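A short write-up of the structure that comes next.
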Amino acid sequence: MVRDIVIYPDKRLKLISKKVESFDSELHTLLDDMYDTMMAKGGVGLAAIQIGVDKQVLIINIPKEDALEDNQQSKENTLEMINPTILESEGSEKSQEGCLSVPGVYEDVTRAKRVKVRYYDRDGVEHIIEDDSFLAIAMQHEIDHLNGKLFIEKLSIIKRKKFEKEWKKRAKKKK
């Protein structure tokens, strides 16, 4: 089921998500709904808080090269991460990010180049993943959501003020 995306400046985006204790059918439904929502909205990642659920749950689906041409993203390629923790990070890399909760805004953000993350899958099985590509950036972005942080908070003060001014202008036009 496709759910509504929580849009900035909604205060729920500042909540620190709670650990998942039960790996049950309710969690499975949440993960399935998150996938449906992410696909319908054209995202590559989604944290549960972005649909108003303050649980440490996120999903990431980075399209494969050939999938981009066919506009296909397979559910089998979706990484479901419950209670993720960054164990290690190193290096630094700047890349452009966007967010379904801050639609239409894309900015350069600096993040760790490589991360090692421990997480659990939908059945409660522990995994450790290491990456130094776009997936590393996506994991950091989504884990930030679980900690009540948005990518726009990583902008310089000048860029952040410019963003806030433009965002308020856009909000006025919609009214």
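Here is a list of conditions, (1) of a type outside the set (S, T, N, Q); (2) outside any strand (DSSP E or B); (3) at pLDDT 95 or above; (4) open to solvent by less than 50 Å² (accessible area, probe 1.4 Å), and ALA67 meets all of them except one; can you say which number that is? Exception for ALA67: condition (3). Among the conditions (1) on the phi < 0 side of the Ramachandran plot; (2) in contact with a helix residue (DSSP H, G or I) (Cβ under 7 Å, 6 or more places away or on another chain); (3) of a type outside the set (Asp, Glu), the only one that MET139 does not satisfy is (2). Out of all the residues in region 78-93, is one or more assigned to a loop (DSSP other than H, G, I, E, B) and within 28 Å of ALA40 (Cα to Cα)? Looking for residues that are assigned to a loop (DSSP other than H, G, I, E, B) and within 28 Å of ALA40 (Cα to Cα), one finds at least one in region 78-93, hence yes.
Just a yes or no: is a residue in region 17-31 open to solvent by 10 Å² or more (accessible area, probe 1.4 Å), touching a Leu at 6+ places or on another chain (Cβ under 7 Å), among the charged types (D, E, K, R) and modelled with pLDDT of 95 or more? No, because not a single residue in region 17-31 is open to solvent by 10 Å² or more (accessible area, probe 1.4 Å), touching a Leu at 6+ places or on another chain (Cβ under 7 Å), among the charged types (D, E, K, R) and modelled with pLDDT of 95 or more.
Can you tell me which residue within region 127-169, out of those that are touching a residue at least 12 places away in the same chain (Cβ under 8 Å) and among the basic types (Lys, Arg), is nearest to ARG12 (Cα to Cα)? If we take residues in region 127-169 being touching a residue at least 12 places away in the same chain (Cβ under 8 Å) and among the basic types (Lys, Arg), then LYS154 is nearest to ARG12 (Cα to Cα). Taken together, PHE151, PHE134 contain a single residue that is among the aromatic types (Phe, Trp, Tyr) and open to solvent by 80 Å² or more (accessible area, probe 1.4 Å), which is PHE134. The condition (being touching a strand residue (DSSP E or B) at 6+ places or on another chain (Cβ under 6 Å), basic (Lys, Arg) and either open to solvent by less than 20 Å² (accessible area, probe 1.4 Å) or under 27 Å from ARG160 (Cα atoms) (or both)) is satisfied by just one residue among LYS94, LYS41: LYS94. Scanning region 108-120 for residues that are in contact with a Phe, Trp or Tyr (Cβ under 8 Å, 6 or more places away or on another chain), open to solvent by 30 Å² or more (accessible area, probe 1.4 Å), of a type outside the set (Ser, Thr, Tyr) and touching a residue at least 12 places away in the same chain (Cβ under 8 Å) turns up nothing.
Residues of region 94-118 being part of a loop (DSSP other than H, G, I, E, B) and under 18 Å from LEU150 (Cα atoms), which ones? Across region 94-118, the qualifying residues are LEU100, SER101, ALA112.
Tell me, yes or no, whether region 142-151 has at least one residue that is among the β-branched types (Val, Ile, Thr) and touching a Pro at 6+ places or on another chain (Cβ under 8 Å). Yes, region 142-151 contains a residue that is among the β-branched types (Val, Ile, Thr) and touching a Pro at 6+ places or on another chain (Cβ under 8 Å).
The values are calculated or read from the model by the stated rules, or taken from the named source; none is laboratory data. Being a predicted model, the structure only gives us computed values, none of them experimental. Methodologically, a virtual Cβ is constructed for each residue, glycine included, from the backbone with ideal geometry; neighbour enumeration extends over all protein chains shown. Surface areas here come from the heavy atoms of the whole protein model, side chains and all, with no ligands, DNA or RNA. Shrake-Rupley method; radii C 1.70, N 1.55, O 1.52, S 1.80 Å.
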